[in-house]
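Written below as structure tokens is the structure these notes are about.
The values are calculated or read from the model by the stated rules, or taken from the named source; none is laboratory data. In this text the structure is predicted, and so the values were computed from the model without any measurement. All Cβ positions, even for glycine, are placed from backbone atoms using ideal geometry, and neighbour counts span all protein chains on display.
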Amino acid sequence: MRRFIAAVFFLALSAPAWCASGWVSLFDGKTLNGWVLKSPHGRGYLVENGHIVAPADGGGNLFTEKEYSNFVFHVEFRLSVNGNNGIGIRAPFEGDAAWQAMEIQILDDDGPAYKGKLHAFQYTGSVYWAVPSKTGHLKKTGEWNSMEITANGHRITVKLNGSVITDANLDDIKDPEILKKHPGMFRPAGHIGLLGHKSLVEFRNLRVKKL
């Protein structure tokens, strides 16, 4: 009995603090169990060194099997030069998640392919082609960034490395062209996805907390 209690106590001490706060891990560090690959490019997604990797000759849409409505999603990502990916939220399996739902941009904003060429709502943390983010909080390529996305009703908040860079009420979007481009913006629920574009981007510590 004492050994059992000691073992439970040890596990409690070794578990991450977030485990006791309603968070659920979305990645076991070894496999893509719980994820579904759609519209793959090349090799799709790999698991390497405990990370989910969108290789330079791969990518596509990697979605959670489960759907989520109101939630907080945490992820850490590392960009290569000109790295381009995104986080789909409340997305369907089919179609382009950026339009059929929403995409939170992940991009090497200062990469040679993009510097000085981006619209305001194409920078990292933007609701792609709908709501611009604040810039200046993305780390250099090769360094890990921490992103937290909160989807609570029609309010979408994005934190990057601890700073709020997007805080949007979707009801405030009145531009008819933007609304026309995003027929799925107000979907109440859907999958969380990694939306890759044939560039190297790595992910780790993916977890979600329902609200």
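What are the residues in segment 38-74 that are more than 15 Å from the chain's Cα centre (by Cα) and hydrophobic (A, V, I, L, M, F, W, C), if any?
Residues satisfying the conditions are Leu46, Val47, Ala56.
Looking at segment 67-84, which of its residues are closer than 12 Å to Lys210 by Cα and part of a loop (DSSP other than H, G, I, E, B)?
Glu67, Ser69, Asn70
Count, please, the residues in segment 131-165 that happen to be hydroxyl-bearing (Ser, Thr, Tyr), assigned to a strand (DSSP E or B) and in contact (Cβ under 8 Å) with a residue 24 or more places away in the chain.
So the count comes out to 3.
Could you say which residue among Val72, Val81 is aliphatic (A, V, I, L, M), in contact (Cβ under 8 Å) with a residue 40 or more places away in the chain, touching a Ser or Thr at 6+ places or on another chain (Cβ under 6 Å) and within 23 Å of Ala189 (Cβ to Cβ)?
The unique qualifying residue is Val72.
Select from segment 166-205 the residues that are of a type in the set (Asp, Glu) and not in a loop (DSSP other than H, G, I, E, B) and write down the one among them that is nearest to the chain's Cα centre (by Cα).
Filtering segment 166-205 for residues that are of a type in the set (Asp, Glu) and not in a loop (DSSP other than H, G, I, E, B), the one nearest to the chain's Cα centre (by Cα) comes out as Glu202.
Go through the residues of segment 109-119 one by one and say whether even a single one is hydrophobic (A, V, I, L, M, F, W, C) and assigned to a strand (DSSP E or B).
No, segment 109-119 contains no residue that is hydrophobic (A, V, I, L, M, F, W, C) and assigned to a strand (DSSP E or B).
Which of the residues that make up segment 100-120 are polar (S, T, N, Q) and touching a helix residue (DSSP H, G or I) at 6+ places or on another chain (Cβ under 8 Å)?
Scanning segment 100-120 gives a single hit, Gln105.
Only one residue in Gly162, Gly153, Gly125, Gly136 is closer than 22 Å to Ala54 by Cα and at pLDDT 95 or above, so which one is that?
Sole residue among the options that is closer than 22 Å to Ala54 by Cα and at pLDDT 95 or above: Gly125.
Take the conditions in contact with a strand residue (DSSP E or B) (Cβ under 6 Å, 6 or more places away or on another chain) and buried (at least 18 other Cβ atoms within 10 Å of the Cβ) and apply them to Gly58. Does it pass?
So Gly58 fails the test.
Among the numbered criteria (1) part of a strand (DSSP E or B); (2) touching a residue at least 24 places away in the same chain (Cβ under 8 Å), which single criterion is violated by Phe93?
Unmet for Phe93, out of (1) part of a strand (DSSP E or B); (2) touching a residue at least 24 places away in the same chain (Cβ under 8 Å): (1).
Taking the options Ser21, Ser39, name whichever one is among the polar types (S, T, N, Q), modelled with pLDDT under 95, more than 14 Å from Leu206 (Cα to Cα) and surrounded by 13 or more Cβ atoms within 10 Å (Cβ to Cβ).
Selected residue: Ser39, the only one of Ser21, Ser39 that is among the polar types (S, T, N, Q), modelled with pLDDT under 95, more than 14 Å from Leu206 (Cα to Cα) and surrounded by 13 or more Cβ atoms within 10 Å (Cβ to Cβ).
Residue pairs, Cβ under 7 Å, 6 or more apart or interchain, first in segment 43-62 and at positive phi, second hydrophobic (A, V, I, L, M, F, W, C). List them.
Listed by first residue and then by second, the contacts come to Gly44/Leu37; Gly60/Leu37.
Give Gly44, Gly60 a once-over and let me know the one that is more than 17 Å from Arg204 (Cβ to Cβ) and outside any strand (DSSP E or B).
Only one candidate passes the filter, namely Gly44.
Can you tell me which of Ala168, Ala120 is loosely packed, with under 14 Cβ neighbours inside 10 Å, of a type in the set (A, V, I, L, M, F, W, C) and without any contact (Cβ under 8 Å) to a residue 60 or more places away in the chain?
Exactly one of Ala168, Ala120 is loosely packed, with under 14 Cβ neighbours inside 10 Å, of a type in the set (A, V, I, L, M, F, W, C) and without any contact (Cβ under 8 Å) to a residue 60 or more places away in the chain, namely Ala120.
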